[in-house]
Every structure is written in structure tokens, then in C-alpha cells.
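Here's the structure, in C-alpha cells; my notes come after.
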Amino acid sequence: MNGQIFEGLSLTEIREINAEMSHYEDKTAVSIEALRIVQKHRRWVSDQCLVAVAELLEMSPAQLEAVATFYNLIYRQPVGKTVIHYCNSVSCWMLGSDQVRERLCRHLNVELGEMSADGEYTILPIVCLGACDHAPVAMVGDELRLDITEDAVNEILGR
Ligand code: FES
């Protein structure tokens, strides 16, 4: 059974969040992990889910929203199957991250943060990924891509 309780969370999500909570006395300690669990199942965290998670963790929705806002890998709007985070910090910017972003957006016909029409991709900025000596850099899903050239954009998108 995978019923919906806590006004929007599935039993699977609740079980996984409860399993995380069992390791801590303070339920709020699992705030980020709880949001990540929801996101793993749904790709993003809706307002309804955020309220339900807050209820489960016995914290206010505003407190949990602050956590979600601070942690930029929690998506509060629908995203594509693959999220491309391009680094827009200084080393990558100096070595062409704007051109990479423009090329990605043009190929997918999207603005930053939008989902492509086929539901496959969303492009978002991210701060330094710690690989500045290989700038420009991006995370394509879970994969770190280094030294991205304009040609590599076609390859990243499988085109
Ligand atoms: S500035 Fe892009 S990885 Fe550091």
C-alpha cells in the first residue's frame, strides 16, 4: 500500500523520513534529508509536501521553507528529469560559463529555471563546485562535467 497521508506524503516517504528521524533526538535535524527524500520521489517539493514534512518534523512550514530556500539543491518548482547546474562563480564565469549557459538555454529553448518542453531538462546556476582548475564546470544530474566547451553542450544534451 502506498496511500497518501500527512496531506500529500506517501507511506514510502513517511517511512523513509521516520527511518532518518530514528537516528536523532531532534526531529528537525533531518530537515534537509526529509526534503531530499520527497524530492527523490517527486523531483521537486511542492507547497503541500513542504507543509506535510513540516508537520511530520513538528516544525513550522516557515522554518522548513527557510531550510529549503537556503539549500539550493531543493527544488521548489517542477524540474526536468535532469537538472543541469552550471557554475556561475568567478573562475567559470571568466572562462565562459555565460556562453555555456546561453548555448544550453538556446538548444533547449528555455530560460533559466524553466523545464524543457519534453520534460527532460532544467538549467539552474550554482556556486563554485570546487573544480575551478577545470572551468567551466557543470553538474549534469549527478555527474560533474569539467572543461566544458561549446561542442560539449551538444554532447551533454545528446544531440
Ligand atoms: S568557479 Fe566554477 S568550479 Fe569554482
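The values are calculated or read from the model by the stated rules, or taken from the named source; none is laboratory data. Worth saying up front: this structure is predicted, and the values here are computed from it rather than measured. Reconstructed Cβ throughout: ideal geometry from the backbone, glycine too, with neighbour counts over all protein chains shown.
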Matching helices (runs of 4 or more DSSP H) fully within region 1-98 where at least 2 residues are within 29 Å of residue 132 (Cβ to Cβ): 31-42, 61-70, 90-94
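Quick grid of which residues meet (1) at pLDDT 95 or above; (2) in the same structural domain as residue 35 (by TED's automatic domain parsing); (3) more than 29 Å from residue 53 (Cβ to Cβ):
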| site | (1), (2), (3) |
| --- | --- |
| 75 | yes, no, no |
| 91 | yes, no, yes |
| 96 | no, no, yes |
| 106 | no, no, yes |
| 124 | yes, no, no |
| 131 | yes, no, yes |
| 137 | yes, no, yes |
| 142 | no, no, no |
| 152 | no, no, yes |
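The rows are residues; the columns are (1) over 20 Å from the mean Cα position of the chain (by Cα); (2) in the same structural domain as residue 121 (by TED's automatic domain parsing); (3) under 27 Å from residue 115 (Cα atoms); (4) at pLDDT below 95.
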position	(1), (2), (3), (4)
17	no, no, no, no
34	no, no, yes, no
40	no, no, yes, no
47	no, no, yes, no
50	no, no, yes, no
60	yes, no, no, no
65	no, no, yes, no
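Give the residues of region 101-127 that are of a type in the set (A, V, I, L, M, F, W, C) and assigned to a helix (DSSP H, G or I), sorted by residue number.
Selection gives 104, 105, 108.
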Single condition residue 152 does not satisfy, out of (1) within 11 Å of the ligand (Cβ to nearest atom); (2) of a type in the set (A, V, I, L, M, F, W, C); (3) farther than 23 Å from residue 43 by Cβ: (1)
Scope region 93-138; condition within 19 Å of residue 82 (Cα to Cα), within 8 Å of the ligand (Cβ to nearest atom) and of a type in the set (Gly, Ala, Ser); matching residues: 97
Residues located in region 134-149, provided they are more than 25 Å from residue 70 (Cβ to Cβ), free of Cβ contacts under 8 Å to residues at least 12 places away in the same chain and surrounded by fewer than 14 Cβ atoms within 10 Å (Cβ to Cβ): 149
